[in-house]
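Asker: There's a structure below that I have some questions on.
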Amino acid sequence: MPPGDDIDRIMAVMVAAFDPAFGEAWNRRQVEDALLLGNCHYLLIAEHGEAPLPGEPTAGFSLSRHGYEEEELLLFAVDPQYRRRGLGAALLAQFAASARTRGAERLLLEMRQDNPAEHLYRQFGFSPVGRRAGYYRTARGACLDALTFACNCEEIDGEAHS
Ligand SMILES: CC(C)(COP(=O)(O)OP(=O)(O)OC[C@H]1O[C@@H](n2cnc3c(N)ncnc32)[C@H](O)[C@@H]1OP(=O)(O)O)[C@@H](O)C(=O)NCCC(=O)NCCS
């Protein structure tokens, strides 16, 4: 289990980053339960692109689940005040590198349709492999599809592709 401070950091970004309209954010209990499993891993990033030092604000985080030769990105977010500075791309590269050290050969993620994050994922080398119709329900009751993206680790060079 990570230190409580790190969970606080994750939750602060979670609350700031995810639009409540889509119900994608996890609560603290969900994060804690995932990290108790042992096959879930998280990364934190600060404004300068590295893990935050004590007392430094956290700009973003990722949470992923490893399974044999695959690792799934469960949550990925950058606080709005730090966006469009390359931190999301840096965090994605760090996630890929750390997943590879755990033996991942393929990376997976799922996002709601029309999430602008798709631009970033495609630049990085992810491509769509599946769709779950009506998987997400918005606060207003609309149904949105979930899109699954995958990326082979051997195709990643650690930088987002433009
Ligand atoms: C997705 C997210 C993590 C991106 O973080 P970020 O730090 O802004 O990303 P970057 O600055 O590294 O963006 C890199 C590139 O991705 C693309 N991109 C990122 N956000 C984009 C957006 N909202 N619209 C269009 N393109 C976008 C751009 O090409 C960008 O490069 P540019 O700024 O030079 O044009 C952030 O917007 C976020 O936290 N969103 C809410 C949570 C979320 O939806 N997470 C994904 C769940 S699946």
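Asker: Where the centre of each part is set by its Cα atoms, how far does segment 66-107 sit from segment 37-60, in angstrom?
Answerer: Using only Cα atoms to place each centre, the spacing works out to 12 Å.
Asker: Tell me, in nm to one decimal, what length is gained between residue 53 and residue 101 on full extension, where the rule is 0.36 nm per residue of separation less the Cα-Cα distance?
Answerer: Working: separation 48, 0.36 × 48 = 17.28 nm, distance 2.30 nm.
In short, 15.0 nm is gained.
Asker: Please report, in debye to the nearest 20, how large the charge dipole of segment 55-98 is about its Cα centre when each Lys and Arg carries +1 at its beta carbon and each Asp and Glu carries -1 there.
Answerer: Working: 4 positive and 6 negative charges, 65 e Å.
I would put it at about 320 debye.
Asker: In the Gaussian network model of the chain, springs joining C-alpha atoms below 10 Å, which of 85, 65, 112 carries the largest mean-square fluctuation?
Answerer: 85
Asker: Could you list the residues of segment 6-50 with an amide nitrogen less than 17 Å from a label point located 7 Å from the Cα of residue 83 in the Cα-to-C-beta direction?
Answerer: It comes to 12-26, 47, nothing else.
Asker: Under the Karplus relation 6.51 cos²θ - 1.76 cosθ + 1.60, θ = phi - 60°, what is the ordered set of whole-Hz ³J(HN,Hα) values for segment 50-67, x standing for Gly and Pro?
Answerer: Karplus-based 3J(HN,Hα) across segment 50-67 equals 10, 4, x, 7, x, x, 7, x, 9, 8, x, 8, 10, 9, 9, 10, 8, x Hz.
Asker: Return the distance in nm (one decimal) between the two label points of a simple spin-label model at residue 118 and residue 22, each offset 7 Å from Cα along Cα→Cβ.
Answerer: 1.1
Asker: Considering every pair of different Cα atoms, what Kirkwood radius, in Å, is found for segment 4-155? Could the numbers behind the result be given before it?
Answerer: Values: mean 1/r = 0.0631 Å⁻¹.
The answer is 15.8 Å.
Asker: Also, I was wondering about something else. May I ask you to give the solvent-accessible area per residue for the chain, in square angstrom, as obtained with a 1.4 angstrom probe? Mind dumping the intermediate values first?
Answerer: Values: 8780 Å² over 162 residues.
About 54 Å² of surface per residue is accessible.
Asker: Over the chain, what is the percentage of antiparallel beta bridges among all DSSP beta bridges, to the nearest 5?
Answerer: On the way: 28 of 32 bridges.
Once the DSSP bridges in the chain are tallied, antiparallel ones form about 90 percent.
Asker: Separate question: Diagonalise the Cα gyration tensor of segment 75-158 and give the resulting equivalent ellipsoid semi-axes, square root of 5 times each eigenvalue, largest first, whole Å.
Answerer: 24, 17, 10
Asker: Measure off, as a whole percent, the carbon and sulfur share of the 1.4 Å-probe accessible area of segment 4-155, all protein chains present.
Answerer: On segment 4-155, the fraction of accessible area on carbon and sulfur atoms equals 49 percent.
Asker: Same structure, new question: Given the DSSP H assignment, sum -39500 (n - 2.57) over each helix run of at least 4 residues in the chain and divide by its residue total; what's the result at 222 nm in deg cm²/dmol, nearest 500? Numbers along the way, then the final one.
Answerer: Working: 4 runs with 46 residues, N = 162.
Dividing the helical sum by the residues of the chain leaves -8500 deg cm²/dmol.
Asker: Another question, then. Can you find, among 95, 134, 74, the residue farthest towards the positive end of the dipole of the chain? Put +1 on the C-beta of Lys and Arg, -1 on that of Asp and Glu.
Answerer: Selected residue: 134.
Asker: Here's another thing I want to ask about it. PRE reach from residue 132 (point 7 Å along Cα→Cβ): which of segment 18-48 fall under 20 Å by backbone N?
Answerer: Those under the cut-off are 18-35, 37, 39-41.
Asker: Could you give each residue of segment 135-141 its phi-based ³J(HN,Hα) in whole Hz, using Karplus coefficients 6.51, -1.76, 1.60 with θ = phi - 60°, and x for Gly or Pro?
Answerer: Rounded to whole hertz, the list is 5, 9, 10, 7, 4, 8, x.
Asker: Using the Cα centre of segment 4-155 as the reference point, and only Cβ charges (+1 on K/R, -1 on D/E), how large is the resulting charge dipole? Debye, rounded to the nearest 20.
Answerer: Details: 16 positive and 22 negative charges, 92 e Å.
For segment 4-155, the charge dipole is close to 440 debye.
Asker: Now for a different question. Running a GNM on the chain with Cα contacts under 10 Å, which residue among 32, 72, 56 ends up with the highest mean-square fluctuation?
Answerer: 56
The values are calculated or read from the model by the stated rules, or taken from the named source; none is laboratory data. Just so you know, these numbers come straight off a predicted model, no measurement behind them. Positions of Cβ are generated from backbone atoms using ideal geometry, with glycine treated the same way; all protein chains shown enter the neighbour counts. These accessible areas exclude ligands, DNA and RNA; they are computed on the full protein's heavy atoms, side chains included. Shrake-Rupley method; radii C 1.70, N 1.55, O 1.52, S 1.80 Å.
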